[in-house]
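Take a look at the structure below.
The values are calculated or read from the model by the stated rules, or taken from the named source; none is laboratory data. Predicted model, so just to flag it, every value in this text is computed and none were measured. A quick note on method: Cβ atoms are made from the backbone with ideal geometry, for glycine too, and the neighbour counts reach across all protein chains shown. Accessible surface is based on the protein model in full, side chains and every heavy atom, while ligands, DNA and RNA are left aside. Shrake-Rupley method; radii C 1.70, N 1.55, O 1.52, S 1.80 Å.
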Amino acid sequence: MRRIGRALRLLTAAYGISLSGILLLRLVDGNGSLMQRLNILLTLLLLLAVLLFLLLLIFRQWRWAACVSPPVAAFVLLYGVQFLPRPVDHSAGVPQLRLLTYNLHAERVHLAPMLDIIRQSGADVVALQEMSWQMANAVEAQLAEDYPYRSLYREVNDNPYHGRGLLSRYPLLETEIWPATYPIPFRLQRGVIAFNSQRVNLYNFHAPPSYPIFGQGFNVQPRADQIDALIEWVHRESGAVVLLGDFNINDLDVNYGRLTAVFTDVYREVGWGLGFTGPDWSHPQSQEGLPFIPIHQRMDYLFFNTAFRALDARVWPQSGGSDHRPLFAVLALETTP
């Protein structure tokens, strides 16, 4: 038993030192290829360090707890505020816009649970990614009364990962998609709704993943290029702007910092906890990994400009069979920036 205990303590020390090294690498070369890969799991690794630290304190292993204290300190600095009580702001009398973003995992068969989530959310605007033509038809047939204004771009070349759509209770004044082809079609959908006598510009974004899924090797550049284009496009807008969708980044990614330099992240503003939205592998149809692995990445976001104030943000408790859980948010429209 002593040998086992010693081995566990040595593993703890190795884990803490290795994770501290990753954090140091992040400071030195946060944009490097290696760090881009490590960022995917870094939040989860920091969370595990916190749990390990607490166990070591319980068993009074002070010296070994010190080995994981740098990652714990980093976690507290990065995420500590997310675990503090959030102020309640009901903003009576202020126009409120309820929004939902939902990646549907290209589901073609098990559609009813996803449709139910959209109905139950009570959202005024819904942004959909990875929408199959079967789902598009189901939305038209079953959600038309809830969402009289719809802009659905069905899959291309029989690939449901390219389909996306906007559903709205308010009139859709404009809608378009970008780009039509390279590198992966239909990564961005733009719509404009009329809300409270104002134009609200909506950007439904589905960023290219960095890991091989469409035949490419590990490559972060297509996503960075499209986020560049997105920010450039949005800079031309006047009035209220909301960006929502599957950005395929976490909040430690360099692209997250570029987005939050211009916009506010609703979950960081008023959400509680880490806000993980995937991957949810608890359903057979969306299982791409071991089903007992917990959700450990924040991939779905809603960003807004100064026309709005954040009131609420939460991850939906079920995925409806997708590998993403939807993100729901409420924004108060205050003024045209």
Margin query: Which count do you get for residues in the range 252-284 that are open to solvent by 20 Å² or more (accessible area, probe 1.4 Å), closer than 23 Å to PRO87 by Cβ and either in contact with a Leu (Cβ under 8 Å, 6 or more places away or on another chain) or without any contact (Cβ under 8 Å) to a residue 24 or more places away in the chain (or both)?
Written below: 2
Note to self: Just the residues that are within 17 Å of the chain's Cα centre (by Cα), modelled with pLDDT of 90 or more and part of a loop (DSSP other than H, G, I, E, B), please, taken from the range 281-299.
What the structure shows: TRP281, ILE295, HIS296, ARG298, MET299
Checklist line | Verdict on ALA106 being farther than 30 Å from ASN305 by Cβ, surrounded by 13 or more Cβ atoms within 10 Å (Cβ to Cβ) and touching an Asp or Glu at 6+ places or on another chain (Cβ under 7 Å) | finding: yes
Next item on the list: Determine which single condition ARG26 fails, assuming it passes every other condition in (1) in contact (Cβ under 8 Å) with a residue 60 or more places away in the chain; (2) part of a helix (DSSP H, G or I); (3) open to solvent by less than 50 Å² (accessible area, probe 1.4 Å).
Entry: (3)
Check: Is it the case that some residue within the range 65-77 is open to solvent by 70 Å² or more (accessible area, probe 1.4 Å), among the aliphatic types (A, V, I, L, M), within 17 Å of LEU252 (Cα to Cα) and under 28 Å from the mean Cα position of the chain (by Cα)?
Finding: yes
Item checked: Condition met for PRO71 (more than 20 Å from HIS324 (Cβ to Cβ) and touching a Leu at 6+ places or on another chain (Cβ under 8 Å)) -> yes
Notebook entry, point to check: Could you say which residue among TYR153, TYR161 is surrounded by 20 or more Cβ atoms within 10 Å (Cβ to Cβ) and under 20 Å from the mean Cα position of the chain (by Cα)?
Noted result: TYR161
Item checked: Inter-residue pairs, beta-carbon under 7 Å, first at negative phi and in the range 216-242, second of a type outside the set (Lys, Arg) and open to solvent by 40 Å² or more (accessible area, probe 1.4 Å), 6+ apart -> PHE218/TYR211; PHE218/PRO212; PRO222/PRO183; ILE231/VAL262; ALA240/GLN198; ALA240/THR336
Margin query: Can you list residue pairs whose Cβ atoms sit under 7 Å apart, with the first residue in the range 114-141 being within 14 Å of HIS324 (Cβ to Cβ) and the second being hydroxyl-bearing (Ser, Thr, Tyr) and open to solvent by 10 Å² or more (accessible area, probe 1.4 Å)? Count only pairs 6 or more apart in sequence or on different chains.
Written below: GLU130/TYR161
Item checked: Those residues of the range 300-337 which are in contact with a strand residue (DSSP E or B) (Cβ under 7 Å, 6 or more places away or on another chain), in contact (Cβ under 8 Å) with a residue 60 or more places away in the chain and in a loop (DSSP other than H, G, I, E, B), in sequence order -> ASN305, ALA307, TRP316, SER322, ASP323, HIS324, PRO326, GLU334, THR336
